[in-house]
Amino acid sequence: MADEIHGDFQQLPLDAIHDAVAAPLDGRGPSDYWDLRVHRDKRQAIHVRDTFVESVNDTQAEGIGVRILHEGAWGFASTTDVSPDGARRALGRALGIARQLRRSGSDRAEFLPEPAHQATWVANGRVDPFTVPLEPKIGLMLGALHAAMDAGARFGEFHCEQVQETKFFANSDGTRTLQQRVRLDPVMDVGLLDETRGRVEMIRADTMPVAQGWEYMTGHGFSREAVELVSQLREKLASPSIEPGPYDLVIDPSNLWLVIHESIGHATELDRALGYEANYAGTTFVTPDRLGELRYGSPAMHVTGDRTVPSGLATIAFDDEGVAAQEWDIIADGVLVGYQTDRQVAGRIGLDRSNGCAFADRWNKFPLERMPNVSLQPDPRRDTPIADLIGAVSDGIYIVGEKSMSIDQQRYNFHFTGQRFYRIRNGEIAGQVRDVGYQSRTPDFWGALEAVSGKSTWRLQAAFSCSKGEPDQEAPVSHGCPAGLFRQINVVNTGLGH
């Protein structure tokens, strides 16, 4: 991908839009703080099924969002008129809202300071997917499904969404940034007829969303993977159903990332811990009074928040409040030591600076605190292979790939399944089993973590869209992790009664 911001975006009157907001406010206006975003969101979604194209959708949306903090109250307005006049009108509406909502005393919004930044940043990636013609994209995807059908699949489906996000940001601190990033979400499923149950059973590729260019798609080898999926699904359908009970689990990064997302990522959002998400998504057992004291898991557990990791979906140079990207500890030696914050809530736990977690998914949305790349770190002592974790288990299950999950509103009790399950006997893989689900409570589960594998096994997994807020916003986020060895986790049979 070209290492420059797209020229047509830079041809927008960005300087004049900035001045239309800054001139009435800076130095003599009524605001305590202001910022503006010019945001373009470009998307293409391709969906193919079996041997034909199901759909191709191309969209592009752009606009301006203006925020004002005036006498302790926020005002926000947006417009699709990407011009100085549009910015001035949005400013007027935002200021009017803030004046109506002005606050005093303890109700005043707090907003932590941040140094001024001036920068242009373009994410890594060699081939911009929006410069690649449609025909070879469809050909690559249908080619993988043809390979699956030739290998015996009864059904195949491949969806790939591509997003290019470009933002100009400026605020009253003196920050001006221009940023662009691309992400892809390839999702491939193949199916076979399960003769014993009389229904089609599906298996999904372990491929994850990535913050890379189209070179990821051409270099991955989807046709080879499709053939492997058919073979793995055949073995799974012929395998025995699991006997419920406690087992030692070795959980592959392709499954463990989702547990991290649900039981750590959402649980350690500070706005959620303060009760701001209670109406929509619930609360969390990880309350601020437990910071520095809560035993989240075993000493093998080291979890970081990170806006800087290469190819992370939440990686950005500056967030949507002008805060520079950072990395910090959330859990160290199994103890809660940090939260995800933005400039509005960081001061509530005594921080003097946000760690840069504000994000708005469109120009017409108010920035919310959103998840950074939340990652479990590998074994710091040696590059432990996954085979060593398996070798330490006499009776257990190796779990690969994520599927369904549920978790309560406090991020405490949960249930997860997977794509493939391999029986471990006396330290060795002894074939597949099926119908496996595992249940636990967050601190019990992470407390049962005996060991993690090493640096070479650490993989960056991802959620292409994670919902939060009212109105709903979708944010991309990655989670890096090694494999983990968990002792005596309750396993249930998900196929009973079918």
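Quick notes on this structure:
- Subset of the range 317-331 (residues that are β-branched (V, I, T) and either closer than 12 Å to P367 by Cβ or surrounded by fewer than 20 Cβ atoms within 10 Å (Cβ to Cβ) (or both)): V323
- Figure legend. Inter-residue proximity from the range 74-95: first residues over 23 Å from Q10 (Cβ atoms), second residues part of a helix (DSSP H, G or I) and open to solvent by 50 Å² or more (accessible area, probe 1.4 Å), beta-carbon distance below 6 Å, spacing 6+ or different chains. Indicated pairs: G75/I97; A77/R93.
- Of the residues making up the range 212-225, none is hydrophobic (A, V, I, L, M, F, W, C), within 30 Å of P115 (Cα to Cα) and in contact with a Pro (Cβ under 8 Å, 6 or more places away or on another chain).
- One residue from G350, G282 being open to solvent by less than 30 Å² (accessible area, probe 1.4 Å), on the phi > 0 side of the Ramachandran plot and out of contact with any strand residue (DSSP E or B) (no Cβ under 7 Å at 6 or more places or on another chain): G282
- Scan of the range 214-237 for residues that are under 24 Å from G431 (Cα atoms) and either within 21 Å of the chain's Cα centre (by Cα) or free of Cβ contacts under 8 Å to residues at least 40 places away in the same chain (or both), ordered by number: E228
- Test set (1) in contact with a Ser or Thr (Cβ under 8 Å, 6 or more places away or on another chain); (2) surrounded by fewer than 19 Cβ atoms within 10 Å (Cβ to Cβ); (3) closer than 30 Å to R126 by Cβ - D26 fails condition number: (3)
- Any hit, the range 460-471, residues being acidic (D, E) and either modelled with pLDDT of 95 or more or assigned to a strand (DSSP E or B) (or both): no
- Options V452, V400, V477; residue that is touching a residue at least 12 places away in the same chain (Cβ under 8 Å), closer than 29 Å to A238 by Cβ and open to solvent by less than 60 Å² (accessible area, probe 1.4 Å): V400
- Comparison of D185, D189, D194, D206 shows that the only residue that is more than 28 Å from V477 (Cβ to Cβ) and among the acidic types (D, E) is D194.
- Unmet requirement for S311, which otherwise passes all of (1) under 30 Å from K137 (Cβ atoms); (2) out of contact with any helix residue (DSSP H, G or I) (no Cβ under 7 Å at 6 or more places or on another chain); (3) at pLDDT 95 or above; (4) open to solvent by 30 Å² or more (accessible area, probe 1.4 Å): (3)
- Criterion: within 23 Å of Y412 (Cα to Cα) and buried (at least 24 other Cβ atoms within 10 Å of the Cβ) - qualifying residue of V337, V303: V303
- Residue check, S231 out of contact with any Gly (no Cβ under 7 Å at 6 or more places or on another chain), at pLDDT 95 or above, on the phi < 0 side of the Ramachandran plot and open to solvent by less than 10 Å² (accessible area, probe 1.4 Å): no
- Taken over the range 113-143, the criterion of being surrounded by 17 or more Cβ atoms within 10 Å (Cβ to Cβ), of a type in the set (D, E, K, R) and assigned to a helix (DSSP H, G or I) is satisfied by K137 alone.
- Only listed residue being modelled with pLDDT under 95 and either acidic (D, E) or buried (at least 21 other Cβ atoms within 10 Å of the Cβ) (or both), chosen from E277, E293, E243: E277
Listed here are the residues, each with its yes/no results for (1) open to solvent by 10 Å² or more (accessible area, probe 1.4 Å); (2) without any contact (Cβ under 8 Å) to a residue 24 or more places away in the chain; (3) at negative phi.
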| position | (1), (2), (3) |
| --- | --- |
| Q11 | yes, yes, yes |
| A20 | no, no, yes |
| S31 | yes, no, yes |
| H39 | no, no, yes |
| Q44 | yes, no, yes |
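- Set G401, G480, G418: member being at positive phi, part of a strand (DSSP E or B) and either at pLDDT 95 or above or under 20 Å from the mean Cα position of the chain (by Cα) (or both): G401
- Within the range 403-414, the set of residues being closer than 14 Å to V492 by Cα and touching a residue at least 60 places away in the same chain (Cβ under 8 Å) comprises M405, F414.
- Filter result for D173 (part of a loop (DSSP other than H, G, I, E, B) and open to solvent by 50 Å² or more (accessible area, probe 1.4 Å)): yes
- Qualifying residue in the range 423-442 (condition: buried (at least 22 other Cβ atoms within 10 Å of the Cβ), of a type in the set (V, I, T) and under 19 Å from the mean Cα position of the chain (by Cα)): no
- Residues within the range 176-203 that are among the small types (G, A, S) and either part of a strand (DSSP E or B) or at pLDDT 95 or above (or both), tallied: 1
- For the range 153-163, a residue qualifies if it is surrounded by fewer than 21 Cβ atoms within 10 Å (Cβ to Cβ) and either among the basic types (K, R) or modelled with pLDDT of 95 or more (or both), and the qualifying residues are R154, E157, H159, E161.
- Scanning the range 455-490 for residues that are among the polar types (S, T, N, Q), in contact with a Gly (Cβ under 9 Å, 6 or more places away or on another chain) and within 19 Å of G312 (Cβ to Cβ) returns Q461, S478.
- Filter pass, D81 being among the acidic types (D, E) and closer than 30 Å to F158 by Cβ: no
The values are calculated or read from the model by the stated rules, or taken from the named source; none is laboratory data. Here the structure is a predicted model, which is why all the values come from computation and not from measurement. Heads up, the Cβs are rebuilt from the backbone with ideal geometry, glycines too, and the neighbour counts pull from every protein chain shown. What goes into the accessible areas is simple: the full protein's heavy atoms, side chains included, and nothing from ligands, DNA or RNA. Shrake-Rupley method; radii C 1.70, N 1.55, O 1.52, S 1.80 Å.
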